[in-house]
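All remarks here apply to the structure that follows.
Readers should treat all values here as calculations from the given coordinates under stated rules, not as data from a laboratory. Only a predicted model underlies this, so the values are computations on that prediction, with no experimental measurement involved. Here the Cβ positions follow ideal geometry from the backbone for every residue, glycine too, while neighbour counts run over all protein chains shown.
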Amino acid sequence: MKVQKVINNNIVSSMDSTGREVIVMGRGIGFKMKEGAEIPQEKIEKIFRLDSEDKLDRFKDLLATLPLEHIQISTEIINYAKKVLNKPLNQNIYITLTDHINFAIERFHQNLMFRTPFLREVRSFYREEYLIGEYAVALIEKKLGIRLPVDEAASIGLHVVNAEYNTAMRDTLNITQLIQQVVGIVTDYFQISLDERTLNYERFITHLKFLGQRIYMNELLNSDSPGFSEVIAKMYPAEYICSQKIQYLIKENYGHQVTDDEVAYLAVHIKRMRMS
């Protein structure tokens, strides 16, 4: 593997065996290196392969300005998230999370830490991702000796959610707010407290996550069975009316028309949750 371009002392670009441009990271890997020079194998710590030229260029621009330690920490967090979630993540996370972590560390040193408005919601609705955020905060403390506030665990968790569900941060925040409001409608309508420890509660929250994703990707469900929503409305009338309130909320607050089939599926999940 040969140097195509030196980005800084610790980052170079190269070509893999297929002729695809990659970014190679390693301490001192670019120091006094020239274009065309062979990259010492023992210095290679990580090879980044991004799926578009635009992402690659943005990542190179970002890496050129960051301390190696911040890049290494972000990479370790992403690798941990992939292992824990056992699913692919959108490669934008290499850009967004690396940038966020660097900025969070800079803000810490400037005593400019911000509150995360959805801390409680991230803990409740995105448990695995929040725990990844806690791992990240602990790793930053271990590597750099600084303790970021608990809010950062939620912020980092949201970046993982973005990459997991392939959504933009704005949409992820809207979906989180939507879940919060839907849970509020259900608890107010039935005058109940929901047990977050039950499997049916987890299934309901998961359904709402995917509903939010379908809303923002314009992929709302339509059943192949005629009269499906009418059947559910007769079987679970109270839950169906509650779901219609959710349908109205989404239309009024988010400008999206939820299909009757989506209303019916919501009613089924609400019924199951109430039976827990």
For the chain, longest principal axis from Cα atoms; helix 199-216 axis from its Cα atoms; angle between them, nearest 10 degrees, is 70 degrees
Ranking request for peptides 121-127, 184-190: highest mean number of other beta-carbon atoms within 10 Å first, then the rest in descending order. 121-127, 184-190
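Please list the three semi-axes, largest first and in whole Å, of the ellipsoid equivalent to segment 89-224, using sqrt of 5 times the eigenvalues of its alpha carbon gyration tensor.
Values: eigenvalues 174, 65, 30 Å².
Largest first, segment 89-224 gives 29, 18, 12 Å.
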Segment 135-190-segment 18-59 distance, computed between alpha-carbon centres (Å): 31 Å
Let's test the formula: R0 of 30 Å, r as the Cβ-Cβ distance of Ile185 and Leu144. What FRET efficiency results, to the nearest 0.05? 0.10
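Work out, step by step, the length gained on full extension between Asp16 and Asn79: first 0.36 nm times the residue separation, then minus their alpha carbon distance; give nm to one decimal.
Working: separation 63, 0.36 × 63 = 22.68 nm, distance 2.09 nm.
Gain on extension, Asp16 to Asn79, equals 20.6 nm.
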Quick calc, the chain, dipole around Cα centre from Cβ unit charges on Lys, Arg (+) and Asp, Glu (-), nearest 20 debye, gives 560 debye
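Roughly what % of Cα-Cα distances in segment 144-257 sit above 16 Å, to the whole percent?
Values: 4417 of 6441 pairs.
In whole percent, the long-distance tail amounts to 69.
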When only C-alpha pairs under 8 Å and at least 6 residues apart count, what is the relative contact order of the chain, in percent? 11 percent
Going Cα to Cα from Lys245, which aspartates and glutamates come in below 18 Å? Please leave out same-chain ones fewer than 8 positions away. Asp188, Glu230, Asp260, Asp261, Glu262
Nearest 10 degrees, 0 to 90: what angle lies between the long axis of helix 68-85 and the longest principal axis of the chain (Cα atoms)? 40 degrees
How big, on average over all directions, is the shadow cast by the Cα convex hull of the chain, in nm²? 17.6 nm²
Between 0 and 90 degrees, rounded to the nearest ten: what's the tilt of helix 93-109 against the longest Cα principal axis of the chain? 80 degrees
Would you work out which of Phe103, Val122, Gly28 lies farthest towards the positive end of the dipole of segment 1-122, given +1 charges on the beta-carbon of Lys and Arg and -1 on that of Asp and Glu, about the Cα centre? Val122
May I have the convex hull volume per residue, in Å³, for the Cα set of segment 13-53? 80 Å³
Give me the lysines in straight-line cross-link reach of Lys60: C-alpha distance below 30 Å, same-chain residues under 8 apart excluded. Lys2, Lys5, Lys32, Lys34, Lys43, Lys46, Lys82, Lys83, Lys87, Lys142, Lys143
